[in-house]
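Trainee: Questions regarding the structure given below will be posed in turn.
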Amino acid sequence: MESTKYSLEIYEQELIAIYNKLPHVLARRIIKVSIIEEQTQLQSNEVENQLFLQETNNGNYWIVPTEDKIYWLLPKDKLKINSFLNIDKLKLLFDCIGSQTEDTRDFILIKPAKVSQTPDGRYWKIEQRGVLEFANNSASSQLESELEQTKNKYEQLQHQFDNLTIERNQLQSQVAELANTAIGQPRHCLNVGNTNKDVLKNLDC
């Protein structure tokens, strides 16, 4: 295929930053590929154990061509490890740091893999594996910890707000009760001033 029409003027560190924060930005400038399951015939004329990928509409990986003729390989956005894409397949392309479990999407890109086209332009071969870091390690675990702290702080503030609401409602109820009591009293009982208590008692105030 003609990969030059997808080419980006981008450096490796810029690509890593964009992928980790806003991967969808790359979606229109990538080539979707998947690992070719049966590679025996392809390897007959190539280096033994060389890994190949092929363009496909529902590929699990993205190739990002650059104007410098470098082809970076990334996991597709929201890639999910499950029975269809197990961790062993992912490890053919990336060194995986940390604990990886099924149904996880929680990883960050440390270094993209690098691929090149075969002479006939039909396939891609892995030249250099990339690096992914999963959630239980430094950056990801720190982010998770910060999110948990934010959640706890929010719950504390919500609890304080609820208490203040209860106190306000109680105060309003007391004011309303006093107002109702005052309305029900005879007019001469409202202006008590320093009137003698015995006098008020006799007036049924």
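The values are calculated or read from the model by the stated rules, or taken from the named source; none is laboratory data. Since we're looking at a predicted model, the values are computed, not measured. So basically every Cβ, Gly included, is an ideal-geometry build from the backbone, and we count neighbours across all protein chains shown. Accessible surface is based on the protein model in full, side chains and every heavy atom, while ligands, DNA and RNA are left aside. Shrake-Rupley method; radii C 1.70, N 1.55, O 1.52, S 1.80 Å.
Trainee: State, to one decimal in nm, how far the label point of Glu14 lies from the label point of Lys78, with both points 7 Å from Cα in the Cβ direction.
Mentor: 2.7 nm
Trainee: Determine how large the accessible area of Thr181 is when every protein chain is in place; take a 1.4 Å probe and give Å² rounded to the nearest 10.
Mentor: Ignoring ligands and nucleic acids, Thr181 comes out at about 80 Å².
Trainee: State which entries of Lys32/Lys153; Lys80/Lys125; Lys78/Lys114; Lys89/Lys153; Lys32/Lys91 exceed 30 angstrom in Cα-Cα distance in the structure shown.
Mentor: In this structure, Lys32/Lys153; Lys89/Lys153 lie more than 30 Å apart at Cα.
Trainee: Once the Cβ-Cβ distance between Ile87 and His159 is put in as r, and R0 is 41 Å, what FRET efficiency do you end up with, to the nearest 0.05?
Mentor: With R0 = 41 Å, the Cβ-Cβ based efficiency is 0.50.
Trainee: What figure in square angstrom, to the nearest 10, would you give for the accessible area of Arg168 with a 1.4 Å probe?
Mentor: Ignoring ligands and nucleic acids, Arg168 comes out at about 130 Å².
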